[in-house]
Every structure is written in structure tokens, then in C-alpha cells.
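Some notes on the structure that comes next.
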Amino acid sequence: MSPTVGILALQGGFEAHEKIVRSLGAQAREVRLPRELEGLDALVIPGGESTVMTLGIERDGLAQPLRELVRRGTPVLGTCAGMIMLDRDHLGVLDVATERNAFGRQLHSFETDLELSGLGGGPVHAVFIRAPWVRVCGARVEVLGSVDGHPVAVRQGKLVAVAFHPELAGESRLHELVLGMNGGRD
């Protein structure tokens with residue numbers, strides 16, 4: 001049976017993540033309500049607008065169920081605003097402090113090829129749109145990649161968070177990494 005990956009579908013580019021998940025042979029499930037978190041093998045929290053996502057998570061009662069999902073060891077990938085949602089000031093499950101729009105406004109969006117520690121196959125084509133970066137990392141957080149000295153890809157146990165949009169470049173290796181964490185492989 002193929003794994004089921006939840007995609008938080010409150011706002012943002014969740015459809016592109018669904019396409020990647022399906023291309024990897026997994027089932028994609030849009031998550032908008034707590035009951036839709038049941039039975040997931042992994043979760044993706046996509047980019048979007050973190051303030052809108054915070055309001056949606058609170059409105060729909062998802063904050064505590066999302067924290068429980070992480071506590072149970074379900075692998076999670078957070079991209080762009082998803083990185084922010086996982087941080088100390090939001091869901092509080094990833095021991096980092098992020099800075100929103102760290103590279104600048106929409107006008108300062110950019111693309112680059114980025115080497116990520118522990119990810120084979122060469123550099124990842126990273127699309128940064130109003131992207132955050134990590135200001136502070138806790139002791140258990142591994143920095144996987146940086147831009148101009150600022151961490152933009154981190155891992156803590158089965159949580160992987162990146163400040164960019166791999167789904168916009170058709171990049172599937174981060175999704176594969178998170179899927180591979182299921183079953184104790186991490």
C-alpha cells in the first residue's frame with residue numbers, strides 16, 4: 001500500500017506539492033480539518049502567507065493536532081511559510097526562530113542552485129519568493145544549506161524546513177527525503 005502524505009491546504013501552493021507527492025507513488029490528501037491528519041505517513045506544510053495560515057490553523061483547530069502529529073514522529077516538510085509555521089513562535093515544534101521576508105519583498109525574489117547537506121544528486125534549484133531565513137537555531141537543529149551565511153534549509157529529527165519552494169522547480173528530493181523517514185529511517 002502506498003504511503004499517504006497530507007498537504008496542509010488552507011492557503012498557498014498546495015496543488016504543486018500534491019503533484020510531486022503523486023509522482024513519487026504516494027497518495028496525497030488535502031488537510032483542512034484535524035480529522036484529516038489521521039493515518040498520515042508524512043505531512044507537507046506549503047508556502048503561502050504565514051499570517052493567513054496562522055489564522056486558518058487557529059480557526060480550524062489544527063494547532064494542537066499538528067503538534068501531536070509531530071510528537072508522534074510523523075515526518076514533516078515545511079516550505080517557505082511552512083518553515084515559519086513550524087518555528088518557535090508559531091507551532092513551536094522546530095527549535096528555530098525565523099525572519100519573515102528576510103531577503104526582501106516580492107521584487108527581491110530570486111532563484112539559485114543550492115547544495116544541501118545529506119541530499120544527493122547535485123544542487124537543488126531553489127525558488128525564493130518573499131522568503132524567510134533562520135535567525136536562531138537550537139542545538140538539535142542541523143543546518144542543511146545557507147545563502148549568504150543565512151540558514152535556509154534545516155532539519156531537526158523528522159522535521160525538514162526550507163525557505164524556498166522546491167515544488168515550483170519540480171524538485172522532488174526533499175519530498176523523497178521526508179517520505180524515506182517513515183518507518184524509522186532518518
When (1) closer than 23 Å to residue 15 by Cβ; (2) surrounded by fewer than 22 Cβ atoms within 10 Å (Cβ to Cβ); (3) within 14 Å of the chain's Cα centre (by Cα); (4) not polar (S, T, N, Q) are applied to residue 85, the one that fails is (2)
Based on what the data block shows, is residue 163 modelled with pLDDT of 95 or more, of a type in the set (A, V, I, L, M, F, W, C) and farther than 20 Å from residue 112 by Cα? no
Selection count, the range 43-75, where residues are touching a residue at least 40 places away in the same chain (Cβ under 8 Å) and at positive phi: 1
Would you confirm whether any residue within the range 59-74 is under 19 Å from residue 12 (Cβ atoms) and among the polar types (S, T, N, Q)? no
Odd one out for residue 164 among (1) of a type in the set (Phe, Trp, Tyr); (2) farther than 26 Å from residue 40 by Cβ; (3) in contact (Cβ under 8 Å) with a residue 24 or more places away in the chain: (2)
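Picking from 109, 117, which residue would you name as being more than 16 Å from the chain's Cα centre (by Cα), under 22 Å from residue 20 (Cα atoms) and of a type in the set (S, T, N, Q)? Full working, then the answer.
On the way: 109 fails: under 22 Å from residue 20 (Cα atoms).
One residue alone meets the criteria, 117.
Only one of 148, 113, 89, 95 is in contact with a Gly (Cβ under 6 Å, 6 or more places away or on another chain) and either without any contact (Cβ under 8 Å) to a residue 12 or more places away in the chain or not aliphatic (A, V, I, L, M) (or both); which? Please lay out each step first, then the result.
On the way: 148 fails: in contact with a Gly (Cβ under 6 Å, 6 or more places away or on another chain); 113 fails: in contact with a Gly (Cβ under 6 Å, 6 or more places away or on another chain); 89 fails: in contact with a Gly (Cβ under 6 Å, 6 or more places away or on another chain).
Just a single option satisfies the conditions, and that option is 95.
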Segments classed as strands (runs of 3 or more DSSP E), wholly inside the range 1-67, with at least 2 members that are surrounded by 15 or more Cβ atoms within 10 Å (Cβ to Cβ), in contact with a Lys or Arg (Cβ under 8 Å, 6 or more places away or on another chain) and β-branched (Val, Ile, Thr): 4-8
Exactly one of 140, 135 is in a loop (DSSP other than H, G, I, E, B), among the charged types (D, E, K, R) and surrounded by fewer than 18 Cβ atoms within 10 Å (Cβ to Cβ), and that residue is 140
For the range 81-123, enumerate the residues that are among the hydrophobic types (A, V, I, L, M, F, W, C), at pLDDT 95 or above, part of a loop (DSSP other than H, G, I, E, B) and under 22 Å from residue 5 (Cα atoms). 91, 93, 94
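The values are calculated or read from the model by the stated rules, or taken from the named source; none is laboratory data. Just so it is clear, the model here is predicted, and its values are computed rather than measured. Cβ sites come from the backbone with ideal geometry, for glycine too, and all protein chains shown count toward neighbours.
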